[in-house]
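Heads up, the thing below is written out as structure tokens.
The values are calculated or read from the model by the stated rules, or taken from the named source; none is laboratory data. In this text the structure is predicted, and so the values were computed from the model without any measurement. Cβ: placed from backbone, ideal geometry, glycine included. Neighbour counts: every protein chain shown. What goes into the accessible areas is simple: the full protein's heavy atoms, side chains included, and nothing from ligands, DNA or RNA. Shrake-Rupley method; radii C 1.70, N 1.55, O 1.52, S 1.80 Å.
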Amino acid sequence: MTHMAYQHHWDYHPGTRYVTEWTTTARLLKRIDAWRGLIGRTIEPNPFYEPEFLVSSARHLEGRDIRCLAVFRDGAQDAPMIGLFPIQHASMLKGALLPAIEFYRNAYVCLTTPLIDRSEPDGIWRAFFDSFRTAPELPGTLLTHLLPARRPVADALMRTIAERALPMAEFDRFARPAVENLTDYNSYAAAFGTKRLKDIRRRARRLAERGTVAMRTVSDPVEKLTVLDDFLRIEASGWKAKAGTALACKPETRAFAEEIFMQPSCEIDVLTLDGTTIAAVANIVRDGVLYSIKTAYDEAYHAYSPGTRLDLWALGSLSRHKDRYTRIDSCAIAGHPIGALWRQREELISLAIGTSPDTSQARVDSTASLIRSFNRLKGWVKEQIADKKPSQGDTED
């Protein structure tokens with residue numbers, strides 16, 4: 001993608017009312033107001049493609065700009081941005097590239113939903129696919145990971161695929177725990193079952209015997225700075241540090257965390273024992289949706305299920321603060337034990353799509369098959385690692 005032209009392309013497809021531009025995160029910052037304006041009009045939120053997260057990803061995780069396709073209403077200098085599609089070369093392992101591009105993702109991106117204005121999502125998808133005519137150096141296969149299957153962006157994409165007869169193959173589908181419009185926490189919790197409720201209460205009593213237990217949601221910047229430091233310290237003391245995945249393991253991931261989780265859109269749920277943090281969940285809130293990004297807990301207390309306590313706290317927040325939250329998304333991997341508590345599901349699909357009808361179905365199928373095989377191998381490796389994690393029935397990731 002190093003030869004990609006960064007320019008407006010309205011000359012190449014005059015039949016459309018929109019203008020597309022191959023660009024970068026650095027260039028987009030010069031039009032930050034247009035970017036933020038799009039966020040306020042999206043048909044579906046994605047905090048991972050907002051300026052704070054995407055630019056921080058470029059700065060700390062990538063060490064370079066992230067390529068994007070931006071869609072504008074027209075060719076005027078002050079035209080509103082109506083679509084944003086961050087992209088990268090697809091890879092299975094670092095350095096092992098696939099003959100495809102994909103919507104940008106990293107280890108902390110839980111959605112790859114493009115930012116699309118609610119005004120005309122089908123037209124914006126059409127403009128996106130039209131733009132590939134001006135970038136012949138790009139592979140003809142697009143991968144979409146972690147796309148919510150039953151929401152407006154995917155609906156518009158499917159209509160565009162059908163309209164243009166684009167080749168497509170699904171290479172993954174799973175449903176992760178999420179809860180929407182919870183009206184009464186007590187009724188919801190009653191459905192956990194007698195055995196589970198007894199176990200939750202027993203662990204809570206045992207923890208309370210050790211001191212004063214408290215939970216709260218922290219959004220104040222000054223307090224959040226202290227709590228975030230606690231979060232990073234706790235995460236770095238457990239199995240994630242041994243696996244090399246704790247945010248504090250590397251200077252770049254620690255800097256990323258400190259930048260992301262200090263943003264106003266972030267809040268941290270905290271469980272304390274005698275005033276000392278023993279578990280925390282870092283969340284991002286956008287358009288009433290709470291995304292649980294990272295969890296950390298002190299493994300010395302795993303027998304008391306501190307993570308479960310915070311998972312239940314999130315359910316209670318959804319019930320108590322209907323003006324702030326309409327939905328909570330666990331951002332969890334398939335099969336995560338939090339599903340025993342958060343019983344509803346957000347279905348996610350991953351697709352391989354030909355960017356034009358000229359891309360053969362066989363090519364798309366071959367790419368999808370290769371990814372499925374790799375995912376099976378990766379799943380097996382994760383199962384071996386999971387055997388070494390604490391296994392006392394808690395719900396931490």
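Shape descriptor for region 241-355: Rg over Rh equals 0.99 (Cα atoms; Rh from the Kirkwood inverse mean 1/r).
The mean sequence separation of alpha-carbon pairs under 8 Å and at least six residues apart, normalised by the residue count of the chain, gives a relative contact order of 19 percent.
In terms of accessible area, using a 1.4 Å probe and ignoring ligands and nucleic acids, Y18, Y304 rank largest first as Y304, Y18.
Each peptide in 294-301, 342-349 gets a packing score, the mean of other Cβ atoms within 10 Å over its residues, and the list from highest to lowest is 294-301, 342-349. Dimensions of region 140-233 along the principal axes, based on C-alpha atoms and rounded to the nearest Å, stand at 64, 40, 25, largest first.
Which entries in K240/K378; K240/K294; K242/K294; K198/K224 show an alpha-carbon gap greater than 22 Å? Don't jump to the answer; show the numbers that get you there.
Working: K240/K378 17 Å; K240/K294 11 Å; K242/K294 17 Å; K198/K224 33 Å.
Flagged as over cut-off: K198/K224.
Taking Cβ-Cβ under 4.7 Å as the only way to count a partner, pick out the unpartnered cysteines of the chain. So, C68, C249, C266. What is the percent carbon and sulfur in the accessible area of the chain, measuring with a 1.4 Å probe over the protein chains and ignoring ligands? Its accessible area is 50 percent carbon and sulfur atoms. Pick out, from L147, L207, S131, the residue whose Cα sits farthest towards the positive end of the charge dipole of the chain, with +1 on the Cβ of Lys and Arg and -1 on the Cβ of Asp and Glu. Result: L207, furthest along the dipole toward the positive end.
DSSP bridge analysis restricted to the chain gives an antiparallel fraction near 90%, rounded to the nearest 5.
Rolling a 1.4 Å probe over the protein heavy atoms gives region 35-132 an accessible area of 32 Å² per residue. For the chain, the alpha-carbon coordinates run over 71, 43, 42 Å along the three principal axes, in decreasing order.
Remark on region 63-193: ratio of C-alpha radius of gyration to 2.2 N^0.38 Å is 1.28. Here's the picture: charge each Lys and Arg Cβ at +1 and each Asp and Glu Cβ at -1 in the chain, and of I116, I293, G63 the one pushed furthest to the positive end of that dipole is I293. Build a GNM of the chain with springs between Cα atoms under 10 Å apart, and of A191, A70, A178 the one that fluctuates most is A191. Computed 3J(HN,Hα) for region 30-42, one whole-Hz value per residue from the Karplus formula 6.51 cos²θ - 1.76 cosθ + 1.60 where θ = phi - 60°, is 6, 10, 4, 5, 5, 5, 5, x, 5, 4, x, 10, 5, glycine and proline marked x. On full extension, the segment bounded by H336 and R133 gains 69.0 nm, given 0.36 nm per residue less the C-alpha separation. Per residue, the accessible area of region 290-374 comes to 37 Å² when a 1.4 Å probe rolls over the protein heavy atoms.
Modelled spin labels at Y185 and D78, positioned 7 Å past Cα toward Cβ, are 4.7 nm from each other. How high is the FRET efficiency from K195 to R343, r the C-beta distance, R0 22 Å, rounded to 0.05? E(calc), rounded to 0.05, equals 0.90. Between V222 and D323, the contour length at 0.36 nm per residue exceeds the alpha carbon distance by 33.9 nm.
Please list, in order, the residues from region 334-360 whose amide nitrogen is less than 18 Å from a point placed 7 Å along the Cα→Cβ vector of L97. Those under the cut-off are 355.
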